[in-house]
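FYI, it's all coordinate maths here, none of it is from the lab. The shown structure was predicted, so the numbers you read here are calculated from the model rather than taken from an experiment. Cβ atoms come from the backbone with ideal geometry, glycine included; neighbour counts cover every protein chain shown.
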Amino acid sequence: MLTSTQPHSHILGSTRRISLTGVPSPRFDRRASHGAAPVNLPVKQRVPPQSWDSHMHVVEPQRFPISKSAVYEPSVHTLEDALTFESTLGVENLVFVQPSIYGTDNSCLLAALAKLGPARGRGVVVVDPDTIEQETLDEWHALGVRGLRVNLQSVGKVMEQSELEATLFRHAKIARPRNWIIEVYVPLKMIPMLESIVPRLGVTVCIDHFGSPELPAISLCKENLPFDPYTLPGFHSLISLIRTGSTYIKVSAPYRLTKDNGMRDLKAMAREFLSAAPDRVIYATDWPHTRFTGVDISPFTEWCLDLCTHEPGLADKLFRRNTERMLGADSV
């Protein structure tokens, strides 16, 4: 089991750790504004009201023991810690996503979701679709669960197309009656497999973390080179999928992906996402940034906001409305 963490603060900002104890100042009221918040405001005052962090985790290994097969050992990150962190960004609503270390035991996630409530929270769980009971799924739905996660990337699992197809169809069978999504975490090079599978699932699919590309090691800032995301294996397929209307993409976890201090590779990808399907791109922090230390997600949040300044209402889609539509939170 891995216990070490990786510093990535050189990519996302200062080397100081994110404070989880600060008390947020009163928020700037932008509800009457029809345009983007001024760029000279602090990040928490630029983030649209009622925004969602569409991908974060709560981890309490002492209260909820991790799986024996977990590939890393986390520290404690409670719901209270999460709310304090989110307040520094001005984010009000949370999507709890089941991390790999808990396997199919969703107890920690469900406890946090029950405490937060469905008006501010949603959950994406991991299950064995062949053994999970329908009554259990119905109970979880009442708590705010709206998705099933298929996570290959975190555990380094590779599937052939036939196995991936069978896995996704088994999940779709139990997701479809409840209008749940399937959240997929696979490397970008596997995305072409999804092109022929997703249209036949009959459910909405969400792809984690920019599609998890394997980005070049070259420092783009140092070499001053442009970046063409279409050179990445699988990127054409990813764009094709999000254009169809049944697939969403999360812009999240940049520190897991880029080796460029300016994140220009990810910015190029994000611009293509927003150009191809502005209604199906969603923002997330990936808090508490498991396996990494010293992460300050504010600069990433700020450049997500900057990408939206050219189009009125785009930030509201990225930070709020797209997630609400995907997870049925707009009906709460």
| task | Check cross-link reach from LYS157 to the aspartates and glutamates: straight Cα distance under 20 Å, and skip same-chain residues fewer than eight apart. | result | GLU73, ASP105, ASP128, ASP130, GLU165, GLU183, GLU195, ASP208, GLU214
| task | Enumerate the calculated ³J(HN,Hα) couplings along segment 177-185 in order (Karplus 6.51 cos²θ - 1.76 cosθ + 1.60, θ = phi - 60°), each rounded to whole Hz, writing x wherever the residue is Gly or Pro. | result | x, 9, 6, 8, 9, 10, 9, 10, 10
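To check you understand DSSP bridge types, tell me what percent of the beta bridges within segment 38-331 (both residues inside) are antiparallel, rounded to 5.
Numbers: 1 of 25 bridges.
Antiparallel: roughly 5 percent of the beta bridges in segment 38-331.
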| task | Show me 250-260, 42-52 ranked by packing, highest mean number of other Cβ atoms within 10 Å first. | result | 250-260, 42-52
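What's the longest bit of the chain with no exposed GluC sites (Glu not before Pro), using DSSP loop states and at most 10 other Cβ atoms within 10 Å as the test? Can you show the working numbers first?
Values: sites that count: GLU133, GLU160.
Excluding the exposed sites themselves, the longest stretch runs over 161-332.
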| Among VAL186, HIS171, MET56, which residue has its Cα positioned farthest towards the positive end of the charge dipole of the chain, with +1 placed on the Cβ of Lys and Arg, -1 on the Cβ of Asp and Glu, and the dipole taken about the Cα centre? | MET56
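Using the Cα centre of segment 51-126 as the reference point, and only Cβ charges (+1 on K/R, -1 on D/E), how large is the resulting charge dipole? Debye, rounded to the nearest 20. Show your work: numbers first, answer last.
Working: 5 positive and 8 negative charges, 46 e Å.
Roughly 220 debye, rounded to the nearest 20.
As a test of understanding, state the convex hull volume per residue of the chain from its alpha carbons, in Å³.
Numbers: hull volume 44.7 nm³, N = 332.
For the chain, the hull spanned by Cα atoms encloses 135 Å³ per residue.
Most exposed first by the Cβ proxy, i.e. fewest other Cβ within 10 Å, how do ILE101, ILE191 rank? Write down the numbers at each step before the final one.
Values: ILE101 23, ILE191 26.
Sorted ascending by nearby Cβ count, the order is ILE101, ILE191.
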| request: Can you check what the net charge comes to around ILE191, using other residues whose Cβ is under 15 Å from the Cβ of ILE191 (Lys, Arg +1; Asp, Glu -1)? | output: -3
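What dipole magnitude, in Debye to the nearest 20, does segment 38-331 give about its Cα centre under +1 on Lys/Arg Cβ and -1 on Asp/Glu Cβ? Mind dumping the intermediate values first?
On the way: 30 positive and 35 negative charges, 68 e Å.
For segment 38-331, the charge dipole is close to 320 debye.
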| field | Simple Cβ-charge dipole of segment 186-258, Lys/Arg +1 and Asp/Glu -1, about Cα centre, in debye nearest 20 | value | 160
| query | Counting other C-beta atoms within 10 Å, which of PHE300, PHE85, PHE64, PHE319 has the fewest, and how do the rest follow? | reply | PHE64, PHE85, PHE300, PHE319
| field | FRET efficiency for HIS141 and ASN40, using Cβ-Cβ distance with R0 set to 30 Å, rounded to 0.05 | value | 0.10
| remark: Sparse-neighbourhood loop hits (trypsin sites (Lys or Arg not before Pro), segment 78-142; DSSP loop; Cβ within 10 Å at most 16 others) -> ARG120
| remark: Connecting every pair of Cα atoms under 10 Å apart in the chain and solving the GNM, the largest mean-square fluctuation among HIS310, HIS55, HIS141 falls on HIS310
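Given the pairs LYS259/LYS317; LYS44/LYS173; LYS115/LYS267; LYS44/LYS189; LYS115/LYS317, which are separated by over 30 angstrom at their Cα positions?
Working: LYS259/LYS317 28 Å; LYS44/LYS173 40 Å; LYS115/LYS267 36 Å; LYS44/LYS189 35 Å; LYS115/LYS317 27 Å.
Correct reply: LYS44/LYS173; LYS115/LYS267; LYS44/LYS189.
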| query | Considering the dipole of the chain built from charges on the beta carbon (Lys and Arg +1, Asp and Glu -1) around the Cα centre, which of ALA70, GLY202, GLY313 is farthest to its positive end? | reply | GLY313
| query | So who's got an amide H within less than 5 Å of the one on TYR248, skipping anything under 5 residues away but keeping other chains? H placed 1.01 Å off N, in plane. | reply | VAL205, CYS206, ILE207
| query | Long-range amide H contacts for ILE181: which residues qualify at under 5 Å (H placed 1.01 Å from N, peptide plane, sequence gap of 5 or more or a different chain)? | reply | GLY147, LEU148
